[in-house]
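Shown next, in structure tokens, is the structure this report addresses.
The values are calculated or read from the model by the stated rules, or taken from the named source; none is laboratory data. What you see is a predicted model; the values in this text were computed from it and never measured. Here the Cβ positions follow ideal geometry from the backbone for every residue, glycine too, while neighbour counts run over all protein chains shown. All accessible areas refer to the heavy atoms of the entire protein, side chains included, with ligands and DNA or RNA removed. Shrake-Rupley method; radii C 1.70, N 1.55, O 1.52, S 1.80 Å.
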Amino acid sequence: MLRRALQLGWSRGLFIRRLGTRRGGSSLDWDGNISEIKKKIQSFLPGGTWNPLYDTSHLPPEQSDVVIVGGGVLGLSVAYWLKKLEKIQGGIRVLVVERDHTYSQASTGLSVGGIRQQFSLPENIQLSLFSVSFLRNINEHLAVVDAPPLDLQFNPSGYLFLASEKGAAIMESNVKVQRQEGAKVCLMSPEQLRNKFPWINTEGVALASYGLEDEGWFDPWCLLQGLRRKVQSMGVLFCQGEVTRFTSSSDRMKTASEKEVILKRIHEVHVKMDNSLEYQPVECAIVINAAGAWSGQIAELAGIGKGLPGTLQGTKLPVEPRKRYVYLWHCPQGPGLEAPLVIDSSGAYFRREGLGNNYLGGRSPTEEEEPDPGNLEVDHDFFQDKVWPPLAQRVPAFETLKVCLVECPSASAGT
């Protein structure tokens, strides 16, 4: 809207000047009336002083084939593969809209950067196997001419899951699926666990699963910056702003069983500019929701979940923000370089951070303990009451740890 108003003001200014010239008016006549012309043009501009050379480079384009809502790792990855797989260079115009250009509250930068194949669903395992291959060969995919290579600091130390007697059967079943999908995972008895990791107290542990290859952690911030740099070099457009509305049209169609259904198609996205009341409409063919923890809110803007109960249109996207605490602590006598990312049967977890006996960790709260995701205030008592006791019981050296820093990332959670 803003760009269109500016373009309209500029073209009308030229039109007025041409008419004055045809009438034979002198340059003095033009100069004498310019202030009045400015006032008239300003009357239909949204605000501010009139300036036909106003810089609109920060605005999104008026048209884009694809609009991706969310510029974290997921959104940037979608943009990368759209451009990578296009048959004609420049054939697809892609716009990424991100409301927080600092990524200060993005889950990507605040996460512990873990990657594993120890899932229960084959689809998740395959996605992770593909992803770890991508990470190991990151500079083959994300290299940019005249730019330094990326160093993700990938640490393939594995994941170690610990199960109680109650969870042992489920762990065995999951590992069977993981192996069938090609993941290198082994089961360990408490005795084998003690022999390999003598710093673990195996009390209450009936079984453990350990990732032998392609599991560990990396620097997620480096991956984010590498993806952003790469997709920009591929011609992807970026805009700092917030999607506030979708404009859609509806078509009635019949299924093979002659049941009538209504199909809605989004053809315009409204992007509110940062620190402004203005918005820019962007015509598009496809919208991709990559807003992470806020995907449910974006889906609601598109009308998803607002139909009749029991219908597809009435089914909400089951994603909502959940607040999680990630703690950094120091422990001089803690586990050494061989330590994997450990997930205790209690749900508490930790991993090494660097080489100076520092560790990252935390624990997901129960449904009754879920904190308010509306703020990023830190609950220090949660570490003292819920995280430290099970960790100190599992790793006795952690009884003497000292907390150094707490982060508060938002995680996406299915409801």
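Does region 76-88 contain any residue that is in a loop (DSSP other than H, G, I, E, B) and surrounded by 20 or more Cβ atoms within 10 Å (Cβ to Cβ)?
Among the residues of region 76-88, not one is in a loop (DSSP other than H, G, I, E, B) and surrounded by 20 or more Cβ atoms within 10 Å (Cβ to Cβ), which makes the answer no.
Considering every residue within region 236-257, establish whether at least one is open to solvent by 30 Å² or more (accessible area, probe 1.4 Å), in contact (Cβ under 8 Å) with a residue 24 or more places away in the chain and not in a strand (DSSP E or B).
no
Only one of (1) surrounded by fewer than 18 Cβ atoms within 10 Å (Cβ to Cβ); (2) at pLDDT below 95 fails for ALA293. Which number is that?
Exception for ALA293: condition (1).
Test of understanding: among LEU142, LEU150, which residue is touching a Gly at 6+ places or on another chain (Cβ under 8 Å), more than 24 Å from GLN178 (Cβ to Cβ) and open to solvent by 20 Å² or more (accessible area, probe 1.4 Å)?
Criteria check complete, one pass: LEU150.
Could you list, in sequence order, all residues of region 55-88 that are in contact (Cβ under 8 Å) with a residue 12 or more places away in the chain and over 19 Å from the mean Cα position of the chain (by Cα)?
THR56, HIS58, LEU59, PRO60, PRO61, GLU62, GLN63, SER64, ASP65, LYS84
Is one or more of the residues making up region 259-274 within 26 Å of VAL78 (Cβ to Cβ), in contact with a strand residue (DSSP E or B) (Cβ under 7 Å, 6 or more places away or on another chain) and buried (at least 20 other Cβ atoms within 10 Å of the Cβ)?
Yes, region 259-274 contains a residue that is within 26 Å of VAL78 (Cβ to Cβ), in contact with a strand residue (DSSP E or B) (Cβ under 7 Å, 6 or more places away or on another chain) and buried (at least 20 other Cβ atoms within 10 Å of the Cβ).
Between ALA183, ALA169, which is farther than 30 Å from GLU300 by Cα and touching a helix residue (DSSP H, G or I) at 6+ places or on another chain (Cβ under 9 Å)?
Only one candidate passes the filter, namely ALA183.
With VAL96, VAL112 as the choices, which residue is outside any loop (DSSP other than H, G, I, E, B) and open to solvent by less than 60 Å² (accessible area, probe 1.4 Å)?
One residue alone meets the criteria, VAL96.
Which residues, taken from region 326-346, are in contact with a Pro (Cβ under 8 Å, 6 or more places away or on another chain) and in a loop (DSSP other than H, G, I, E, B)?
Once the filter is applied, which keeps residues that are in contact with a Pro (Cβ under 8 Å, 6 or more places away or on another chain) and in a loop (DSSP other than H, G, I, E, B), region 326-346 yields ASP344, SER346.
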